[in-house]
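As structure tokens, the structure follows; a few thoughts come after it.
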Amino acid sequence: MVEIEGYLVLEDLYYLTTEDAHIWAKVEDGKVRSGVDDFGQRQMGEVVYVESPSVGDKVEYNKGYGTIESGKATKDLYSPVSGTITEINSKLDDEPKLVNDDPYGEGWIVLIEPSNLDADLKNLLHGDAAVKWMREEAEKAK
Amino acid sequence: MKKKVIVMGSGPGGYVSAIRAAQMGAEVALIEKDRAGGTCNNIGCIPTKTLLNSVEILSKIKKAEDYGIEVGDVNVNITEMMARKERVVAGLQKSLNNLFKSNKIRFLKGKARLIDPTTVEVEKEGGEKESISADDIIIATGSDPAKIPIFDFDQPTVMTSTDALYLKEVPRSMIILGAGAIGCEFAGIFNPLGTKITMVEMMPQMLPTEDRRIAIQLKRIFNRRGIRVLTGTKIEGISRYEQDSITAKLDNGEEITAEKILVSIGRKPNSSQIGLDEASVKTDKRGYIKVNETMETNVEGIYAIGDVIGGVMLAHVASAEGIVAAENIMGNESKMDYGVIPSCIFTSPEIASVGINPAQAKERNIDTIVGRFNFLGSSKAQAMGETEGFIQLVVDKNSDKILGGQIMGAHATDLIHEIALAVKAGITSEEIGSTVHAHPTLSEAIRECAENAHGRAIHLIKMG
């Protein structure tokens, strides 16, 4: 784990960095868990609602599948990979603030059964590349 | 010669139809078995809102320090709170009686029963009977709280909403069965008074007919206030009745005990002892009287309105139906339009909706955009310290017309009418967006929603 200007980056995760996506992806037993990264949640402020898709919905790499909302902002949620939603984090209904409090843990948003994992992962940043990118993002946000 | 009209029941359906018929020249007899104003005025809308306003003051005083005001000890006087409620109710009853007099309506106290299609027998207090004939009859006998056999309503611990309005002490704990509008409003009355509440709802969400987002946020707010909300849960049976407690067994195996249980699982029509068979008036299997769009039953000259016909069981719907019935009786062609009916739930924060919500748009395959704004982003809501909730507009993607809207937040029940008018008049989100709304008001958020439907709300940061 690396902290850059106060933003946490987990090097074993993959990051979708197109536009202002700020989406992380974690490969778990062939499935992909995803949520908003620490920088993304910080920009949002306190999350009040997460609009998730339904289990069984198809998602596409770099396409929106839902939104998260705070009082001052609405953020589209982009899928880091193509595939099918197999689980959504129902805890966020009662505690959307988990996205702020534990963005890489209990604040996860969806679990996806990927359809084109290897190709999609090549488009995501990982390890040192992710750290370097976050450094640039943090610099821009100053 | 004047047309003679009898109205059975003086709730918001019956009394409104009686006045409209009288205004249009009828000689009207209005029969009421209990108190003028029916459920709404006496044991429904008005007393609950009166109590809610008492507890709202209490909640505000408890938060006073947040607003820079120091207060000493605060005590609740439940006796005076209930007395105030009865004064408000009695005052409105008196106003109704004055309205009846000024419209020359004959107001009779007693039980009304049809004895043939043009005659009603009134059994007055003391047993005296009077038969009245009319050219037309409007049945507006309303509904009562539904009771289910697993509960013994003779036990002092088992309450309907009516019983809860006459409590002499604040219960230490209460189970509320049914998290619909009535259950949620009573939770909103007793939670601030200190009652420990557990709500049990068999449907997967609170307020099963409302927008999912509202239900989810309300559950979150209730949880935060210490109200335990069990959705997707049933009461299987009662394990124990005691003098001052009741223990219920849930379908998940858990047993819960409380001082009282409030059964708020809906209402049933008052149609069984009013002589429908004698007049050959048909009902459906559940006892709701069948009517056409002019509110006429299968029997010519007999109309029915309000809760006794089922459908949307709200006071303002009954009143609208009452006007339609009276106008048809008096020779005007009038039809009931259920397209734009605002519905309001007086929780804290309030909830209001009109037209369709996003899920209903999806069910009907209507391509819509939802313009939404959270009150956290409203400067007026910040100034008031009431930032919970949001407004959303459901907008037709092709025509840009507003098809519905939902509001959760302070004054939602007043704010909804701008959206109701928009839906009724076919106004577009463009038109609302280009209408100047005063600053700083909560209504500005409606304009922000309209703008947001086109992705250009001013006070919203768009990210990602």
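Please treat every number below as a calculation from the coordinates, not as lab data. In this text the structure is predicted, and so the values were computed from the model without any measurement. Neighbour counts run over all protein chains shown; Cβ positions are idealised from the backbone, glycine included.
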Notebook entry, point to check: Rg to Rh for the range B:1-85: what is it, with Cα atoms only and Rh by Kirkwood?
Noted result: 1.29
Item checked: Residues of the range B:386-420 with amide N under 18 Å of the 7 Å Cα→Cβ point at B:GLU431 -> B:393-405, B:416-420
Notebook entry, point to check: If you place +1 on the Cβ of every Lys and Arg and -1 on the Cβ of every Asp and Glu, how big does the dipole about the Cα centre of chain A come out, in debye to the nearest 20?
Noted result: 300 debye
Check: Using alpha-carbon positions, what is the distance between the centroids of the range B:321-349 and the range B:100-152, in Å?
Finding: 22 Å
Notebook entry, point to check: How high is the relative contact order of chain A, in percent, with contacts defined as C-alpha pairs under 8 Å that are six or more residues apart?
Noted result: 29 percent
Next item on the list: Using only atoms on other chains, find how many Cβ atoms lie within 10 Å of each Cβ of peptide A:71-83 and report the average.
Entry: 4
Check: Hey, quick one: spin label on A:ASP118, modelled 7 Å out along Cα-Cβ, who in the range A:9-26 has an amide N within reach, i.e. under 20 Å?
Finding: A:14-15, A:26
Notebook entry, point to check: So, in nm, how far is label B:ALA64 from label B:ASN223 when the simple model puts each one 7 Å beyond its Cα toward the Cβ?
Noted result: 3.3 nm
